[in-house]
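Input: a single structure, listed below in structure tokens.
The values are calculated or read from the model by the stated rules, or taken from the named source; none is laboratory data. All figures in this text were calculated on a predicted structure; none of them were measured in a lab. Here the Cβ positions follow ideal geometry from the backbone for every residue, glycine too, while neighbour counts run over all protein chains shown. Only protein heavy atoms, including side chains, enter the accessible area calculation; ligands, DNA and RNA are left aside. Shrake-Rupley method; radii C 1.70, N 1.55, O 1.52, S 1.80 Å.
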Amino acid sequence: MSQLFSPFQLGSPRGPLSLANRIVVAPMCQYACDLNGQANDWHLMHWGNLLNSGAGLFMVEATAVTPQGRITPNCLGMWDDATASAFEDTLARARRLAPPVPVCVQIAHAGRKGSSAQPWQGGMLIAPHQGGWETVAPSAIHLLEGEAPPHEIDAAGLQAIEDAFVKTARYAQDMGLEMVELHSAHGYLLHEFLSPIANQRSDSYGGNFAGRTRFPMQVFQAVRKVFHGVLGVRLSATDWIEGGWTLEETADFSLMLKQAGADYIHISSGGIAPQQKIAIGPGYQVPFAHHVRQKTQMPTIAVGLITQAQQAEDILVKGEADLVALGRSFLYKPRWGWEAAAALGGQVTATQQYWRSLPKEANGIFGDAKIGMR
């Protein structure tokens, strides 16, 4: 039997969450809101499409916990009743158009990478007089030369951001979402606290490993108290910069998160600064996930240039990760899970309207589903 198409369970205070297979749709920002953080028809189409992908788990893009925590003015949010209501309604409509699939929302604060233009508009910092806003970070260190530095977050600001994460997690709890992921990777706020590249504070939230992990751990513990489903963290395993956040620190922090009640770890890398030198290639982050899995014995998600069915299968067979996440591959091939099932002899669930799409060589991926024609 294919490992990729074997079931998997993630534990939580609510009880185990069963996934039909080990394929995860990774969270991918869409930058598609109309300046208000509210999900709209783009998300209905996008989510409905990916819920029909054959994946065992669908992760919604980074969802900002405050307006200031958005990457761009067009980013998705869940910071008040209006944004939460739009999210809940849009997701409910999308789920009615697809087989049952567990959903995870990744909640985030962009930190010094906020107030940016959409990627196709250059992605650069937008000044307040041009529709942007003042950004905040652990330290007043700019991301790029020539940019205005962020404001260093004071004690009151730290509490406000922690409270915002908790408020968003409560919305997720109230709407019955199966999973929440804290975005602590890719140079956004929680990663900024972890990395000495972005965190040069002299108080108890900076300096050594204990100081730099303090605020992300506080946020995690506060969210764990109010969200009772599966809760995990996405981490950048390395900054790819000398003197930055390291793989060993990632493994040590993952162990701390496990002890605090984390149900899984999602391993990515990079994003803290343009000085990074990434050794990119197929599956380039999988060894990081493997190391963390070995050290923590936690359920671990691998991600990063995993594009082929056999490649994903091999990662699982070798014990390098428990789940594999794909991003861009699902944008290009929204039925990637179906193709993988046909290649590996697996099965997926699909809406009846799509049953007749299969070529003869893919018969059986929908189980015993039959369709007559006249």
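Of the residues making up segment 293-323, those that are in a strand (DSSP E or B) and either among the aromatic types (Phe, Trp, Tyr) or out of contact with any Asp or Glu (no Cβ under 9 Å at 6 or more places or on another chain) (or both) are Val303, Leu323.
Taken as a whole, the structure leaves Pro100 outside the set of residues that are at pLDDT 95 or above, assigned to a loop (DSSP other than H, G, I, E, B) and farther than 30 Å from Gly11 by Cα. Six or more apart or on different chains, Cβ under 7 Å: which pairs go from a residue in segment 346-361 that's of a type outside the set (Ser, Thr, Tyr) to one that's exposed (fewer than 10 other Cβ atoms within 10 Å of the Cβ) and assigned to a helix (DSSP H, G or I)? Could you list them? As it stands, the answer is none, since no pair meets every condition given. Being of a type outside the set (S, T, N, Q), open to solvent by less than 10 Å² (accessible area, probe 1.4 Å) and either within 23 Å of Glu192 (Cα to Cα) or at pLDDT below 95 (or both) is a property that His266 has. Leu182 passes every criterion in (1) in a helix (DSSP H, G or I); (2) hydrophobic (A, V, I, L, M, F, W, C); (3) within 18 Å of Arg70 (Cβ to Cβ) apart from (1). A Cβ distance below 6 Å, combined with a sequence gap of six or more or placement on separate chains, defines the contacts here; from segment 152-181, residues that are over 17 Å from Val103 (Cβ atoms) and open to solvent by less than 10 Å² (accessible area, probe 1.4 Å) reach residues that are part of a helix (DSSP H, G or I) and at pLDDT 95 or above in the pairs Phe165/Val219; Phe165/Val223.
Take the residues of segment 324-357 that are assigned to a loop (DSSP other than H, G, I, E, B) and touching a Phe, Trp or Tyr at 6+ places or on another chain (Cβ under 7 Å): which is surrounded by the most Cβ atoms within 10 Å (Cβ to Cβ)? I'd like the intermediate steps shown before the answer.
Initial filter on segment 324-357 (assigned to a loop (DSSP other than H, G, I, E, B)): 327, 333-335, 345-351.
Filter again for touching a Phe, Trp or Tyr at 6+ places or on another chain (Cβ under 7 Å), leaving 346-348, 350.
Working: Gly346: 25, Gln347: 17, Val348: 23, Ala350: 23.
Among those that are assigned to a loop (DSSP other than H, G, I, E, B) and touching a Phe, Trp or Tyr at 6+ places or on another chain (Cβ under 7 Å), it is Gly346.
Of everything listed in (1) open to solvent by 40 Å² or more (accessible area, probe 1.4 Å); (2) within 20 Å of Cys29 (Cβ to Cβ); (3) not in a helix (DSSP H, G or I), the single unmet condition for Gln68 is (3).
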